[in-house]
Structures are given as structure tokens and as C-alpha cells.
Amino acid sequence: MLEKLKHHINNQFRFLNESNIIIAISGGIDSVVLTHLCNKLGFKIALAHCNFNLRGDESDADEAFVLQLAEDLDLEVFIESFDTQEYAINKKLSIQMAARELRYNWFEELATQLQFDVILTAHHADDNLETFLINFTRGTGLEGLTGIPKVNGKFVRPLLPFSNLEIQNYAKANHIKWRDDSSNKSVKYLRNKLRHEVIPILKEINPSLLESFQNTLNNLNDTTDIVEESTNAVLKRAIEAIDEQHICFKISEFKKVNNPKAYLFEIFKDYGFTEWNDIVSLLNAETGKQVFSNTHRLLKNREHLLLSEISSDSFEDILIHPEQENCITPFGTLKITQVDSVLSASENIIYLDKDLLYFPLIIRKKEESDLFFPIGMNGKKKLSKYFKDEKMSLLDKENTWLLCSDKSIVWVINRRADQRYRVTENTKQILKIELK
């Protein structure tokens, strides 16, 4: 197995020979064998162990085992203890998902702080099959059926070609000791149920199951490349604009393809959406129709779909005082200067009669009753009517800020000023405000 792994690494992960490596070690057979193999290959390794405090004395014994292994092999070791139960309750996660989140977050933090290049995990071929079956039983797209990635950011999995049986045989042949996790025997967890009850039957039906499965993965990954190429071609045609607030997609490009739902799934799946029929319906919905995920929103706006992140920030009103020269805002910096004359105004520059203003000026979001007197027009207009006339999307409306004097709008920032505060021949003090 050592020579087979060495050959595999030289073909797929040659960079490991020069890397500073963390091995994620539980004390179980897989990660312990990986540690011994990497040590024999002369890699620069350190160990990282998570104590999730879920199995009482057994968890502490695992930690003690890892500490002793590190001492026996003269390796640096890092230990982190977690209150997994409390974390799971606070985050509303299952114990397994909480432990996974804690583990991976800590490994990445450790690697970044101590400048390790990669993190090795001991996932093997049987783990890959289990993950495939879990995703298959829960329902997934093509991506969920292509197996555990060999490399994912800093995480590298060099044992994926090896079976659990190969790992066990190597451990026994080399008299390697390890810890057995009693929770791995419980079939109340889906992965264990598949491992102990389903996969043995599949292997009985097909003794070469893992080899057949690997061929299937190779075929699925080849198909994934074709899907990605086709999706990227549609995506290139569909994206009309990208800015800090949203991505704008042309609906017409989705309507041209034979299966819009498939392309919408591939393009928007990473944003947490799950209601794919609702997303398809957006293509023919009225303007303003929306579909939400936990993190993003997809909005129909005339002939476009607008994708934006859902912000949890709540901004308080921002005040501008009389002698203030700069005001930093969520949408840019306002530069405020007193000038002697008016040059050309624009959407991002206004000139005001300072004596008509009530300080401090207030920057705020829109309110239902807002109205103003748009410069260049006769009379007043409700802000909502102005938005409608300007054909602004719901997203644009939500991201519009107002500069106000007391309760009156002075400027719909970066759009239109209010004529009540314009500079006239009677103006004595001219205030210039520019959005940078």
C-alpha cells in the first residue's frame, strides 16, 4: 500500500512532497494509517485532533491516544476541545453537522494561522460510495453524484483510491494500533446504516463494487465537464451586468434553450435555492415576483432576473453636521464643500442653498409617505411614483438613499435633487455635495 500511495501521490499530488501538512486525525484506523504512511514517506506533517466531548471518557481516551501517537512519531500535535452539544443547539444543527462545521472551521483557521499549506483527511473509497448513496437517497443533482473531491481548497484526500479493506490489511500487517469509535456501530445514523446493512449486500451482489463504482464516477465526472461547458456558454450570453448589488440576467437567453429548468438549476444551485419550479415560473411572471433562498433573492424585473444577496444589516440614519467635510456611507463617501459658484451639476453632484438647510442633515432609506419636488418639474411627486416613472426595479428602490433636511427630501442621492433647495440669484452660501 505504501508504494501504491507513493505512486498515486507522484501522479496526482506531487506538491505534497514540498508542503507543510496538517493531518486531521480522529484516532480511528483511517487517519492513523494515513499518519503512518505520510510519516514513512518523509512528509512534513503535524497532527490536529478535535475532542467533541460527545462520548465522555471515550472522547478523552481518543485524545490521549493521539497525543501518545504524536510523541511516538515525534510529531507536532494540536488539540481543540468543543462543546458540540451547545454549538448544535445554538446553530440549530444536528450533532453530526455541528461536529463537521466545528472541525472544518478549526482546521482552516489552524492552517491559516500557522501557515500550513494543506490539510489531509483520510477519506477512502468506501467513504466515497457511502457519500454517493447518501446524496442519491436524499435527492441531488449531478454534482452530488460525482463523489468526494480529491482536492477542495486546502483539503486533500490522498486515500480515495484505497478501500477500507486495504487500510485494515495494512494496519494489521504493520501492527498499527488505533481507536474504535463506538458510535460508528450505531445504525441510527444513515451513513452507518448504509455501511453496515446496505453496502455489504451490494458487495455480495457485485464483489467488484468499488471498482465498478469508480468507473461510474469517472463517467459522471466526464459528463459534468460537458454540462459545465454548456452552462458556461449560456451564462456568458445571459449575464448583462454585474455590480456590487446584483447580477442581472437576460430572461430571453433562458427561454432560448430546450430545458430552461436544467440551466437555471446549474446556474443558481450554489446560492441555496431549492424551489426550482418557482424559479422557472419567474421567466413568465409579472415584474416584482421574487424567489428567496436563505442567503439570496431572485427578482423578476421586466425582461431580467436580478440576483442579490440578502443583507442582514440594518443601517441607522446617518447625520451630517454643519462643518463636516466628508461623510462615509454604505454606498460611498459624500464630499461636502462650500464654494463660490455653481459649475455643472450631475447625478452625483448637487449644489444647495446652505441657508435653506436645517442641520444636521440626515441620510436615510425611503419611507411610505415620502414626497419631494423634483428639480426641473412643476409641483411635488410621491417618491413611489417617481420610482415607478423611472422604471426602477424593486432592488434599486431598496438600495436608494435620501439626503434630508429635517423631514424634507433634499436629494434622492445619485438621481434627482429637490428644487426647493436649489441655488438662486439670492443665494449667499453655496454648498456642494459630491458622491465619490
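Structure above, values below:
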| item | result |
| --- | --- |
| N184 surrounded by 17 or more Cβ atoms within 10 Å (Cβ to Cβ) and polar (S, T, N, Q) | no |
| Checklist (1) part of a loop (DSSP other than H, G, I, E, B); (2) outside the structural domain of I23 (by TED's automatic domain parsing); (3) among the hydrophobic types (A, V, I, L, M, F, W, C) applied to L160, failing item | (2) |
| From the options I363, I350, residue that is surrounded by 11 or more Cβ atoms within 10 Å (Cβ to Cβ), more than 38 Å from the chain's Cα centre (by Cα) and part of a strand (DSSP E or B) | I350 |
| Any hit, region 308-318, residues being outside any strand (DSSP E or B), farther than 25 Å from R364 by Cα and out of contact with any helix residue (DSSP H, G or I) (no Cβ under 6 Å at 6 or more places or on another chain) | no |
| Options K354, K382: the member that is over 14 Å from R416 (Cα atoms) and basic (K, R) | K354 |
| Qualifying residue in region 382-400 (condition: surrounded by fewer than 16 Cβ atoms within 10 Å (Cβ to Cβ) and either part of a strand (DSSP E or B) or in contact with a Leu (Cβ under 8 Å, 6 or more places away or on another chain) (or both)) | yes |
| Cβ-Cβ under 6 Å pairs, at least 6 apart or on other chains, region 102-115 side assigned by TED's automatic domain parsing to the domain that holds E86 and more than 18 Å from D83 (Cα to Cα), far side surrounded by 11 or more Cβ atoms within 10 Å (Cβ to Cβ) and β-branched (V, I, T) | A111/I22; A111/I119 |
| Qualifying residue in region 236-249 (condition: of a type in the set (A, V, I, L, M), assigned to a helix (DSSP H, G or I) and either out of contact with any Phe, Trp or Tyr (no Cβ under 7 Å at 6 or more places or on another chain) or within 23 Å of I134 (Cα to Cα) (or both)) | no |
| Selected residue (criterion: nearest to the chain's Cα centre (by Cα)) from residues of region 102-118 that are of a type in the set (A, V, I, L, M, F, W, C) and not in a helix (DSSP H, G or I) | V118 |
| Any hit, region 243-261, residues being buried (at least 16 other Cβ atoms within 10 Å of the Cβ), under 26 Å from the mean Cα position of the chain (by Cα) and of a type in the set (F, W, Y) | yes |
| Residue pairs meeting the criteria (Cβ under 7 Å; at least 6 apart or on separate chains; first more than 18 Å from L299 (Cβ to Cβ) and assigned to a helix (DSSP H, G or I), in region 256-277; second modelled with pLDDT of 95 or more and among the aromatic types (F, W, Y)) | Y263/F254 |
| Residue list for region 78-101, filter: assigned to a helix (DSSP H, G or I) and free of Cβ contacts under 8 Å to residues at least 40 places away in the same chain | T84, Q85, E86, Y87, A88, I89, N90, K91, M97, A98, R100, E101 |
| Count of residues meeting criterion [closer than 19 Å to E266 by Cβ and of a type in the set (G, A, S)] in region 116-146 | 3 |
| Qualifying residue in region 54-72 (condition: among the aliphatic types (A, V, I, L, M), without any contact (Cβ under 8 Å) to a residue 60 or more places away in the chain, assigned by TED's automatic domain parsing to the domain that holds Y170 and part of a strand (DSSP E or B)) | no |
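So that you can scan it fast, the table gives a plain yes or no per residue for (1) charged (D, E, K, R); (2) modelled with pLDDT under 90:
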site: E316; (1), (2): yes, yes
site: F331; (1), (2): no, yes
site: T337; (1), (2): no, no
site: E347; (1), (2): yes, yes
site: Y351; (1), (2): no, no
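The values are calculated or read from the model by the stated rules, or taken from the named source; none is laboratory data. Just so we're clear, the structure is a prediction, and the values are computed from it rather than from any experiment. When we count neighbours, we look across all protein chains shown, and the Cβ atoms used for this are built from the backbone with ideal geometry, even at glycine.
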